[in-house]
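I have placed the structure first, in the form of structure tokens, so that the comments after it can refer back to it.
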Amino acid sequence: MPTVRDLRDRIKSLKNTQQITKAMKQVAAAKIRRAEIAQRQARPYAETMFAMLQDLMDAAGSIDHPFMRPGASGAPKGVILMTADKGLAGAFNSNIIRHAEEYRGQGGPWYTVGTKARNATRRWGAETPLAVALSAGAKLDAARQVAAKVTGDFVAGGISEIVLVQSKLVSTMVQRPLSRTLVPIVAEERERASGPRAVVEFAPSPEDVLKRLLPKYLEFALFSAMLETDAAFYAAQLVAMTNATDNAGKLIDELTMQMNKARQAAITKELLEIVGGAEALVG
């Protein structure tokens, strides 16, 4: 049975841990607000760009761009694995990595964004031609770097598709890993509105606009994914640190009760020893 001193030391250690988790909880709460604001500001641009891309694809006749053609036959898929740089966020990073394991057997290259993703691909022994940190420098510069690398490999025939594996922020309590194909781009089937349609003139031609827009589309798709991963990470960390703080409080209460019982037992034992000694002296 632990002594009073042992229990007191454990309670002191738990209180120090609780202070750390409480501070990290407050930091995560502040950062998630900034991350959500950045993501919310970028969303209208992303939605407008994607809608414009679909309109141009509908209006254009034939488009001679690598992103609109199937990838090299027989080439593996190139996977962009996007995680956070740090842990202490529950199963956030491990869920994304587990979701990406379905692509391990294809033998293609992995382009990692985030320290945890880089560490996972190194453990697998996978080919990693590019690894960038999620929180190092400007995210737009990192997105351009990754987009340039995967575009070069796709155009050269080294990969047949560009697949992104990331985490989607559903709510503060729910973050869901997902994968989607970024390239080649396939036009969506959309219902045509009945009746006459307005005639839209493009200057320059839709083909020329698409050639300029498609590289920007890939860059901004990666940039938007980085912002969403950031927000999802801080949401997961907020939940994890809240649970850790609450669990530390429960353990402190339990150990305090055990310490009080141990102290009372020690006092009772000393009283019995004193009474026994006094009876022995009287006798």
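The values are calculated or read from the model by the stated rules, or taken from the named source; none is laboratory data. Just so we're clear, the structure is a prediction, and the values are computed from it rather than from any experiment. Please note: Cβ atoms are built from the backbone with ideal geometry, for glycine as well, and neighbour counts cover all protein chains shown.
Table for the structure above
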{"quantity": "Scan of the range 1-29 for residues that are hydroxyl-bearing (Ser, Thr, Tyr) and under 30 Å from residue 233 (Cα atoms), ordered by number", "calculated": "13, 17, 21"}
{"quantity": "Residue selected from the range 55-83 under the condition modelled with pLDDT of 85 or more, of a type outside the set (Gly, Ala, Ser) and assigned to a loop (DSSP other than H, G, I, E, B), by the criterion surrounded by the most Cβ atoms within 10 Å (Cβ to Cβ)", "calculated": "83"}
{"quantity": "Residue, nearest to residue 217 (Cα to Cα), within the range 162-176, restricted to residues that are of a type outside the set (Ser, Thr, Tyr) and surrounded by fewer than 20 Cβ atoms within 10 Å (Cβ to Cβ)", "calculated": "168"}
{"quantity": "Count of the range 166-186 residues which are among the hydrophobic types (A, V, I, L, M, F, W, C) and under 21 Å from residue 72 (Cβ atoms)", "calculated": "4"}
{"quantity": "Residue list for the range 84-103, restricted to those being closer than 15 Å to residue 163 by Cβ and loosely packed, with under 15 Cβ neighbours inside 10 Å", "calculated": "101, 102"}
{"quantity": "Qualifying residue in the range 5-17 (condition: over 25 Å from the mean Cα position of the chain (by Cα) and closer than 30 Å to residue 218 by Cα)", "calculated": "no"}
{"quantity": "Of the criteria (1) more than 28 Å from residue 113 (Cα to Cα); (2) acidic (Asp, Glu); (3) at pLDDT below 85; (4) part of a helix (DSSP H, G or I), which one residue 47 fails", "calculated": "(1)"}
{"quantity": "Residue in the range 11-18 that is closer than 30 Å to residue 139 by Cβ and small (Gly, Ala, Ser) present", "calculated": "no"}
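Table: residues versus (1) charged (D, E, K, R); (2) on the phi < 0 side of the Ramachandran plot; (3) at pLDDT below 90.
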| residue | (1), (2), (3) |
| --- | --- |
| 137 | no, no, yes |
| 145 | no, yes, no |
| 157 | no, no, no |
| 160 | no, yes, no |
| 163 | no, yes, no |
| 169 | no, yes, yes |
| 172 | no, yes, yes |
